[in-house]
Amino acid sequence: MGKVLDWLDSRTGYRTPLRKFRERTLPGGPKWQYTTASCLLWLVVVEVLTGFLLMASYSPSMTAAWASVHFIEQDTAGHFLRGVHYFAAQAIIIAFGFHIVRVLLSAAFRPPHELIWITGLFLIPLVLVWAATGNPLSGTQTGLAQIEVEGNIVGGTPWIGPLIRRILIGGSEVGHLTLTHLYFLHVALLPVLVGSLLMIHIGQVYRQGLYAANSPQQEAVPYWPRQSVRNMAVLTLVLLVISGLAYRVGAPLDMPADPDFDHSPRPEWYFLSLFELRRHFVGPWEPVATMLIPAVVLMFLIILPLLDRACSPRVSAALRMGIVLIGCSTWAGLTIAPILSDRKDTEHQAAVAQLRQLSQRARFLADRELIPPEGAIALLRNDPLTQGPRLFRLHCASCHSHQDAQGQGIIAQTPSAPNLYGVGTRSWIEGFLDPQRIATDAYFGNTAFAEGDMVSAVGEFFADADSAKQEEVRRQLQSVAAALSGEAGFATAAEAEEVQAGRKLLTGEFSCTDCHRFHDQGELGSAPDLTGYGSRSWLLGMIGNPTHPRFYPEERNDRMPVFFVSDGKPDENILTRRELELIVDWLRGDWQKP
Amino acid sequence: MERRRMLEYLSGLLAATSAALIGVPGLRYVLGSVRSTQSRGLDCRLARLRDLPPAKPVRLAVKGDRRDAWTVYAGQSLGRVWVIRRTDDKVPAAQSQVEAFLATCPHLRCSVQLDGSGDAFICPCHKAKFHLSGAAYTEQELGFRNPASRGLDPLPCQIVVDAAGEAWVHVQFQDSSRA
């Protein structure tokens, strides 16, 4: 083995730089505070490696991004790697903070280390932008909202703002090109820029050696193994924490981006300070917070070595400590303030809760069925549970309520039509056939039928009957209700006998077919068709065109509009066919359930 | 020196631990993606049993959902199968025997046809020939070396009776019996 390594060294000379690394000395000898740099560097390596692995399965397209990330999450190793990628990014930012503090307190920027200092300072915005370009790649609602807001902030910069925004977003609106541009920035341009600056940074560290104001003596203790073991200990600890978080918590995946849904976007925690700062500079003053102040801070830090040279060592030490204390507390204050105020903001909390609910639903649907070619956005758009209430509120709730027995649900603006909660189910029909309830708000009370033929017919079922006969009529009507709920497909196998009995009563004793058509008995025209009552096709027909002879033709229709004329007449349709189907499926409780 | 060696080993151990924390899942991930994600054996309903004449091969198209990693394409034409009903009407539906073969030639995947007489399958590309049992003709039977090294690929077939009492032929469709 030794001979092989000797040959390798004679060809590549690898042992020389390795020796330089091993025998490097440090001011004051190996210390725990010197681990920040190594930890930071190795975290970047981990981030790049996990990034490469994720690239093997990720697809940067608006239709495929969310779906491919969900696909990665299905695999345990994929879930873990994505989690590491997510948490290591944040660890890099935190470690960077520690590193800056350490460098400031030890005045490590003193000549001849100026280039190390400057490259390091420029790495701050680069690393932050690197992180910001990564978050929207999952195609989530929060991710794309963030990049839209960040694009608008950048766009607010005087002169070059709009141009940079167009490059970032890939046009004037967020779309396919946004993801491809962000992907290019994230996996190509920014790694190259960061890598180049890092090469200069680390090259200079080796060339100039390290400096520390409080221990100017270089100790003769070599780097390896006394500093290396400290570095590795810190790195292992940090990686254990990241791995634990990655495995147990994992990276978040909220709902696929959909402009139809409102949201209350917030930046990631490391940008919250800028977000808070921006709140105090409204309108045309905004670039002051987002561009000017950060630029001024950066410039101040760049010239700090000059200031340091102009003061005495003790003044400089006080100045540097002051910068650290003021910087940290300001940053902490600006970060915590929006977190606290968001907690009290009920509207924001409601939006957050809705996002969480929708995201859970989207992930549940994606787990159940694979994603159609249109992309993950179709999952919630085709989900009756998600779209039903929204569409009902928009189109039906001016007249109809959808309220359960506990009063929960949607209340009509001006109730003038039956409560549609459980329409077509046995209990709903039983209420309908109850003389005490048919003329109430829940059914015909507010309609033109409040004193019509059906109401009086139901009353007559119970007319001049003693309490025993009334009880029997009630039970019979329950069978009729069972039979009608069977038309909708809601009757269970256990109710089969009752359904049969009810059907006989419907055509026989109660003579419903005198007015209603029911399969091969009765005629259309004077009352709604009871064939397939409450079924999907019946409801599609009823809501689509209530004036059809099957339902309430001509003057018999109270006030219900025609919602869907035909596919060939899109201008005349109030609802699209898809929207009509979603409302009907929702009313019937036909959605994917756990 | 003792202490130094210990620290050297410790450094190496910690470095190896850190590498393993990321490297092992990384390796699993890479190897995992090499596994086939195509569903093995998609259950497809082909035809009513009573529509199939006994002992006559019928070529049917298989329609189903095609899965591609995270996307599903619904109602796709997945391929074609030759179906032969082995038993006649005298046998009750649930005990009927039906066999199904992939209609692609095991040689180079051309579309296998029925020959003029209806007694054998032939492949127009290189003249491979198969018995109605699916077995490839031997060299003696054919007169030349059969390009197909094996018979037609069989697919698992079941009779499923639906709620209305109708017997349907189902097949577990797979693009190839060799992955």
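The values are calculated or read from the model by the stated rules, or taken from the named source; none is laboratory data. Small disclaimer: the values here were computed from a predicted structure and weren't measured. Heads up, the Cβs are rebuilt from the backbone with ideal geometry, glycines too, and the neighbour counts pull from every protein chain shown. Side chains are part of the model used for accessible areas, which takes the heavy atoms of the whole protein and leaves out ligands, DNA and RNA. Shrake-Rupley method; radii C 1.70, N 1.55, O 1.52, S 1.80 Å.
Of the listed requirements (1) open to solvent by less than 30 Å² (accessible area, probe 1.4 Å); (2) free of Cβ contacts under 8 Å to residues at least 60 places away in the same chain, A:S172 misses just one: (1).
Inside region A:549-569, residues that are open to solvent by 30 Å² or more (accessible area, probe 1.4 Å) and of a type in the set (A, V, I, L, M, F, W, C) make up a count of 3. If I filter region A:344-360 for residues that are within 23 Å of A:F490 (Cα to Cα), touching a residue at least 12 places away in the same chain (Cβ under 8 Å) and either hydroxyl-bearing (S, T, Y) or open to solvent by 60 Å² or more (accessible area, probe 1.4 Å) (or both), do I get at least one hit? No - not one qualifying residue is present in region A:344-360. Of the residues examined, A:E73 is one that is within 18 Å of the chain's Cα centre (by Cα), charged (D, E, K, R) and in a helix (DSSP H, G or I).
Whenever a residue of region B:114-127 is more than 15 Å from B:E141 (Cβ to Cβ), its partners that are in a loop (DSSP other than H, G, I, E, B) and charged (D, E, K, R), lying with C-beta atoms within less than 8 angstrom and at least six residues away or across chains, give the pairs B:G118/B:K56.
How many residues, within region A:513-548, are assigned to a loop (DSSP other than H, G, I, E, B), open to solvent by 70 Å² or more (accessible area, probe 1.4 Å) and at negative phi?
Number of matching residues: 4.
In this entry, A:L104 passes the filter for residues that are more than 14 Å from chain B (Cβ to nearest Cβ), out of contact with any Leu (no Cβ under 6 Å at 6 or more places or on another chain) and more than 27 Å from A:P259 (Cβ to Cβ). Considering A:V48, A:V154, A:V129, A:V69, the condition of being open to solvent by less than 30 Å² (accessible area, probe 1.4 Å) and either in contact with a Gly (Cβ under 6 Å, 6 or more places away or on another chain) or not small (G, A, S) (or both) is satisfied by A:V69 alone. Screening the candidates A:G486, A:G422 for the property of being at positive phi and modelled with pLDDT of 90 or more yields one hit, A:G422.
Considering each residue of region A:154-175 in turn, none proves to be within 20 Å of A:G97 (Cα to Cα) and either assigned to a helix (DSSP H, G or I) or under 27 Å from the mean Cα position of the chain (by Cα) (or both).
The helices (runs of 4 or more DSSP H) located wholly in region A:179-285 that include 2 or more residues which are more than 14 Å from every other protein chain (Cβ to nearest Cβ) occupy A:190-208, A:272-279.
Residues are listed down the side, and each one gets a yes or a no for (1) in contact with a strand residue (DSSP E or B) (Cβ under 8 Å, 6 or more places away or on another chain); (2) under 30 Å from A:A65 (Cβ atoms); (3) modelled with pLDDT of 90 or more; (4) open to solvent by 80 Å² or more (accessible area, probe 1.4 Å):
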residue: B:R28; (1), (2), (3), (4): no, yes, yes, yes
residue: B:G64; (1), (2), (3), (4): yes, yes, no, no
residue: B:Q76; (1), (2), (3), (4): yes, yes, no, no
residue: B:D89; (1), (2), (3), (4): yes, no, no, yes
residue: B:F101; (1), (2), (3), (4): yes, no, yes, no
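Looking at region B:55-161, the strands (runs of 3 or more DSSP E) lying wholly inside it that each contain 3 or more residues that are within 14 Å of chain A (Cβ to nearest Cβ) sit at B:57-68, B:71-85.
When A:S138 is tested against (1) more than 14 Å from chain B (Cβ to nearest Cβ); (2) open to solvent by less than 40 Å² (accessible area, probe 1.4 Å); (3) at pLDDT 95 or above, only condition (1) is not met.
On the given criteria, is A:T63 buried (at least 16 other Cβ atoms within 10 Å of the Cβ), part of a helix (DSSP H, G or I), within 9 Å of another protein chain (Cβ to nearest Cβ) and of a type in the set (S, T, N, Q)? Considered against the rule, which asks whether it is buried (at least 16 other Cβ atoms within 10 Å of the Cβ), part of a helix (DSSP H, G or I), within 9 Å of another protein chain (Cβ to nearest Cβ) and of a type in the set (S, T, N, Q), A:T63 comes out as no.
Residue count for region A:511-547 satisfying the condition of being under 23 Å from A:L582 (Cα atoms), of a type in the set (S, T, N, Q) and free of Cβ contacts under 8 Å to residues at least 24 places away in the same chain: 3. Among the residues making up region A:9-48, a single one is in a helix (DSSP H, G or I), within 12 Å of chain B (Cβ to nearest Cβ) and farther than 30 Å from A:Y86 by Cβ: A:R22. Residues in region A:364-407 that are among the hydrophobic types (A, V, I, L, M, F, W, C), open to solvent by 50 Å² or more (accessible area, probe 1.4 Å) and not in a helix (DSSP H, G or I): A:L370, A:A405.
For region A:51-60, a residue qualifies if it is in a loop (DSSP other than H, G, I, E, B) and either open to solvent by 40 Å² or more (accessible area, probe 1.4 Å) or more than 9 Å from chain B (Cβ to nearest Cβ) (or both), and the qualifying residues are A:A56, A:Y58, A:P60. Screening A:E451 with (1) under 30 Å from A:P561 (Cβ atoms); (2) open to solvent by 60 Å² or more (accessible area, probe 1.4 Å); (3) part of a helix (DSSP H, G or I); (4) not hydrophobic (A, V, I, L, M, F, W, C) gives one miss only, at (3).
Contact map, region A:94-114: residues that are under 15 Å from A:I124 (Cβ atoms) and open to solvent by less than 30 Å² (accessible area, probe 1.4 Å) paired with residues that are among the polar types (S, T, N, Q) and outside any loop (DSSP other than H, G, I, E, B), Cβ distance under 8 Å, separation 6+ or inter-chain. Pairs shown: A:A95/A:T36; A:H99/A:T36; A:R102/A:Q33; A:R102/A:T36.
Applying the condition of being more than 38 Å from the chain's Cα centre (by Cα) and of a type in the set (G, A, S) to region A:185-221 and asking which residue is surrounded by the fewest Cβ atoms within 10 Å (Cβ to Cβ) yields A:A220. Scanning for something at pLDDT below 90 and surrounded by fewer than 19 Cβ atoms within 10 Å (Cβ to Cβ), does region A:409-417 turn up at least one residue? The answer is yes, given that some residue of region A:409-417 is at pLDDT below 90 and surrounded by fewer than 19 Cβ atoms within 10 Å (Cβ to Cβ).
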